[in-house]
Amino acid sequence: MWRKAFDPGLWFKEYRQVRVMLWAMLGLGFATLPLYNMNRWWFGEQRLIDNTVESIVMNPGYDPWMDAVMNIQVLMLVLGTILALWQMGFERRSNMQEFTLSLPYSRTHIYTTKWLLGAAFLIGCFLFSAALDAIVLATSQLAPFIEWGGYVMTLLRAMLINLTLYTLMLAMGTVCGSVFSQISFLAVLALLPEFIRLMVMRFCWAFDISTLKKETTLEGDVYYSSIVPNIHRPEQYLFNDVRGADGDIGFWTISIALTVTLFVVGLLLFKHNKAENNGKLVILPSFEVILRVGFTLCFALLGATVSTGVFTNSPAAYCIGFLAALFIGYFIIRWLTNVKLKI
């Protein structure tokens, strides 16, 4: 059973396809975390090290050894995204997907192997870099001041954030027909929350709807707050400062649940994707309908915003801009969804 699940032939094929990324992740991870702290705390100027130790003594909450953790978190976010693009997008672009699907393995087996290999790359690189970094810190002058429990939880949190984004990118690759569309949809997801907030604000301004709510405190002080919800942007999660957050149970629960959900969704989509649609923006007809509706509506809202900004801030200008952009957006997305890209 286990030999069938971890078939060496399929694993070796997937490894050969992305082996360059493994060495890149190992090398860059080493340079970003242990080498960075090595140059800072082993080979750095003694005067600066002594000043840092003095600052830690004066301020126990100061943890300068954590600076490199944020660096490796951002680096692995980029490399994990490239890895998912390589596994899905570039496989389509090089016409390797047809060969992969013709192998005597189920699509469930193929997708699971891809995800496990990518997850092993990410987790392995984190553990490799973290182990070397721990040796560096343990043999430095900072060793007596390091709270190792918090250090481990910080690295685990950064690793989970990276695993979630990687799982998202791999799932997106199951419905995107090209590398270009996979990158484009990631950018759309990153910008969508802020776009929605701005569109709601512009609609309220055009139709003279107050976006402020008057509130009075018990002391009689009056202040105004916005009725437009402050939507959390994706980068607030991805580039979150991971220090001192080991007690945030909500983060761990949501992140693990999101990772599992994205994996299951990606697996189901991969089982139903159509190789003959490779090159298109999306390869599933149902998602093409959703894309057309969503793009047309967003383009219309953008057109209404431009119209009220260029001409006059009034309901008439908003409606004219909305309707004009609605038709233009529909024809643009209709053309885009019928074009097959080779990138």
The chain - charge dipole about Cα centre, Lys and Arg +1 at Cβ, Asp and Glu -1, debye rounded to 20: 1800
Extension gain from Asp208 to Asp50, taking 0.36 nm per residue of separation minus the Cα-Cα distance: 50.8 nm
Farthest positive-ward along the stretch 11-141 dipole, Cα basis, beta-carbon charges - from Pro60, Gly89, Gly118: Gly89
Cross-link table Lys114/Lys274; Lys13/Lys271; Lys274/Lys340, entries beyond 22 Å C-alpha to C-alpha: none
Average Cα contact separation per residue, the chain, under 8 Å, 6 or more apart, as relative contact order %: 21
At R0 = 25 Å, FRET efficiency that the Cβ-Cβ distance of Asn71 and Trp148 yields, to 0.05: 0.80
Gained length - Ala187 relative to Leu156, 0.36 nm times residue gap less alpha-carbon distance: 8.6 nm
For the chain, with +1 on Lys and Arg beta carbons and -1 on Asp and Glu, the positive-most of Ser286, Ile72, Leu48 along the dipole: Ser286
Taking N as its residue count, the alpha carbon Rg of the stretch 1-120 over 2.2 N^0.38 Å: 1.54
Estimated 222 nm signal from helices in the chain, with DSSP H stretches of n ≥ 4 weighted -39500 (n - 2.57), rounded to 500: -24500 deg cm²/dmol
Kyte-Doolittle at least 0.5, axis length at least 27 Å by Cα - qualifying DSSP helices, the chain: 67-93, 107-138, 148-173, 179-206, 249-272, 285-310, 315-336
Contact order relative to length of the stretch 1-101, as percent, for alpha carbon pairs under 8 angstrom and 6 or more apart: 39
Residue-span extension gain [Ile123 to Tyr15] - 0.36 nm each, minus C-alpha spacing: 37.3 nm
Shape of the chain, Cα gyration tensor, a/c cut at 1.5: oblate
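Just to verify a number: FRET efficiency for Phe99 and Lys274, C-beta to C-beta distance, R0 = 22 Å, to 0.05?
On the way: r = 16 Å, r/R0 = 0.74.
After rounding to 0.05, the efficiency reads 0.85.
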The stretch 60-184, relative contact order [Cα under 8 Å, separation at least 6], %: 53
Packing rank of 148-156, 119-127, where each peptide gets the mean count of other beta carbons within 10 Å, highest leading: 119-127, 148-156
Relative packing of 34-40, 13-19, 138-144, which averages over residues the other C-beta atoms within 10 Å, highest first: 34-40, 13-19, 138-144
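Just so you know, all these numbers are worked out from the coordinates, no wet-lab data involved. Since the structure is predicted, the reported quantities are computational estimates derived from the model, not experimental observations. Glycine also receives a Cβ, built like all others from the backbone with ideal geometry; neighbour counts cover every protein chain displayed.
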